[in-house]
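For reference, the structure is listed below as C-alpha cells.
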Amino acid sequence: MKSVRIKDKNFKLSITESEILEKVKNVANKINKDLEGENPVFLSVLNGAFMFTSDLMKYVNIPSEISFIRLSSYCGTESTGCVRSLMGLTTDIKGRTVVIVEDIVDTGLTMLKLLDILNQYEPKEIKICTLLLKPDKLKVDLNIDYVAMSIPNDFIVGYGLDYDEYGRNLPEIYTVE
Ligand code: PRP
C-alpha cells in the first residue's frame, strides 16, 4: 500500500485518484440535472477546495460562473469555526443560485457561518457541495445538497487537504497512520 511521510507523520493511501474522480463526476452529473437553466455561481472556498473545484468544473456542462473566496476562520490564535470575515466575494450573488464548493464539512461550523454571511447578499438559493463529509463530527443541522464521499473521523491529507499546509498537491487522499 502506497504511503507518504509529511513532516512528522506517516499517511497511508485511502482513496485513489480514480475513485475520487468517479465520485466527482457523479456529483457533477447531479448538478447538471438539478441546476439546468439556473446559471449558478460556483463559489469555491480556498484553499482546500482548489483541486476539487478544478476537477468538478471540468464535468459541469451547464452555463455557470466560478468565483473564489477565502475565509478567515481564526478568533485569536485558534481556528474554532469562528468565521470572522469574507474576503474576495467579487461576484454579485443577489438573486442568483449559489453553489458553495468545499473540500470538507467537518463540524459544519464554517459552513453555517458562511451561509449566514452569504444570505446577507440576498441570493436566490444556496446549495452546498462538498467533496467530503465526516458525519460523526457534524455538530450542526445542515442541509448538504451534494456529498461526493462520506468518510470516517480520521485525519486525512491530499487532494487539496493539508497537514500544516503540506500535502495539498497529492492527487489521492491519505489517512494518518
Ligand atoms: C477546512 C475546510 C473547511 C473547514 C471545515 O478549512 O476547507 O472550510 O475546515 O471545518 P468545519 O466543518 O469543522 O468548520 P481550513 O480552515 O482548514 O482552511 P483551508 O481550506 O485553507 O485548508
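Let me confirm something: among Leu56, Leu35, which residue is over 14 Å from Leu170 (Cα atoms) and in contact with a Leu (Cβ under 9 Å, 6 or more places away or on another chain)?
Details: Leu35 fails: in contact with a Leu (Cβ under 9 Å, 6 or more places away or on another chain).
Among Leu56, Leu35, only Leu56 is over 14 Å from Leu170 (Cα atoms) and in contact with a Leu (Cβ under 9 Å, 6 or more places away or on another chain).
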Of all residues in the range 156-174, count the ones that are part of a strand (DSSP E or B) and more than 18 Å from Thr107 (Cα to Cα).
-> 4
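Go through Ile31, Ile62, Ile66 for me and flag whichever is part of a loop (DSSP other than H, G, I, E, B) and of a type in the set (A, V, I, L, M). Lay out the reasoning, then the answer.
On the way: Ile31 fails: part of a loop (DSSP other than H, G, I, E, B); Ile66 fails: part of a loop (DSSP other than H, G, I, E, B).
Only one candidate qualifies: Ile62.
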Cβ-Cβ below 7 Å, separation at least six or inter-chain, first residue in the range 134-162 and more than 16 Å from Ser44 (Cα to Cα), second among the small types (Gly, Ala, Ser) and within 9 Å of the ligand (Cβ to nearest atom): which pairs?
-> Leu138/Gly108; Lys139/Gly108; Val140/Gly108; Leu142/Gly108
Return the total of residues in the range 24-42 being within 16 Å of the ligand (Cβ to nearest atom) and surrounded by fewer than 16 Cβ atoms within 10 Å (Cβ to Cβ).
-> 0
Among the residues of the range 83-100, is any modelled with pLDDT of 95 or more, out of contact with any Pro (no Cβ under 8 Å at 6 or more places or on another chain) and not charged (D, E, K, R)?
-> yes
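Report yes if Thr107 is under 27 Å from Ser150 (Cα atoms), within 13 Å of the ligand (Cβ to nearest atom), at pLDDT 95 or above and polar (S, T, N, Q), otherwise no. I'd like the intermediate steps shown before the answer.
On the way: under 27 Å from Ser150 (Cα atoms): yes; within 13 Å of the ligand (Cβ to nearest atom): yes; at pLDDT 95 or above: no; polar (S, T, N, Q): yes.
For Thr107, the condition - under 27 Å from Ser150 (Cα atoms), within 13 Å of the ligand (Cβ to nearest atom), at pLDDT 95 or above and polar (S, T, N, Q) - is not met.
Results for (1) under 23 Å from Val4 (Cβ atoms); (2) modelled with pLDDT of 95 or more; (3) in a strand (DSSP E or B), shown as yes or no for each residue.
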residue: Glu102; (1), (2), (3): no, yes, yes
residue: Leu112; (1), (2), (3): no, no, no
residue: Leu118; (1), (2), (3): no, no, no
residue: Ile128; (1), (2), (3): no, yes, yes
residue: Asp154; (1), (2), (3): yes, yes, no
Residues of the range 54-82 being within 19 Å of the chain's Cα centre (by Cα), at pLDDT 95 or above and aliphatic (A, V, I, L, M), in sequence order, are Leu56, Met57, Val60, Ile66
Applying the selection to the range 43-59, what residues are surrounded by 15 or more Cβ atoms within 10 Å (Cβ to Cβ) and either out of contact with any Ser or Thr (no Cβ under 6 Å at 6 or more places or on another chain) or in a loop (DSSP other than H, G, I, E, B) (or both)?
-> Val45, Leu46, Asn47, Gly48, Ala49, Phe50, Met51, Phe52, Asp55, Leu56, Met57, Tyr59
Can you work out which of the residues in the range 136-155 that are within 12 Å of the ligand (Cβ to nearest atom) and within 18 Å of Val27 (Cβ to Cβ) is farthest from the chain's Cα centre (by Cα)?
-> Leu142
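Can you give me the number of residues within the range 132-148 that are of a type in the set (D, E, K, R) and out of contact with any Gly (no Cβ under 9 Å at 6 or more places or on another chain)? Even if it seems obvious, please write down each step before you answer.
So in the range 132-148, the residues of a type in the set (D, E, K, R) come out as 134, 136-137, 139, 141, 145.
Next, only the ones that are out of contact with any Gly (no Cβ under 9 Å at 6 or more places or on another chain) stay: 134, 136, 145.
Counting residues in the range 132-148 that are of a type in the set (D, E, K, R) and out of contact with any Gly (no Cβ under 9 Å at 6 or more places or on another chain) gives 3.
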Considering only the range 130-152, state which residues are touching an Asp or Glu at 6+ places or on another chain (Cβ under 6 Å) and either surrounded by fewer than 17 Cβ atoms within 10 Å (Cβ to Cβ) or part of a loop (DSSP other than H, G, I, E, B) (or both).
-> Lys134, Lys137
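The values are calculated or read from the model by the stated rules, or taken from the named source; none is laboratory data. Not measured: the values here are computed from a predicted model. Don't worry about glycine lacking a Cβ; one is built from the backbone with ideal geometry, like all the others, and counts go over all protein chains shown.
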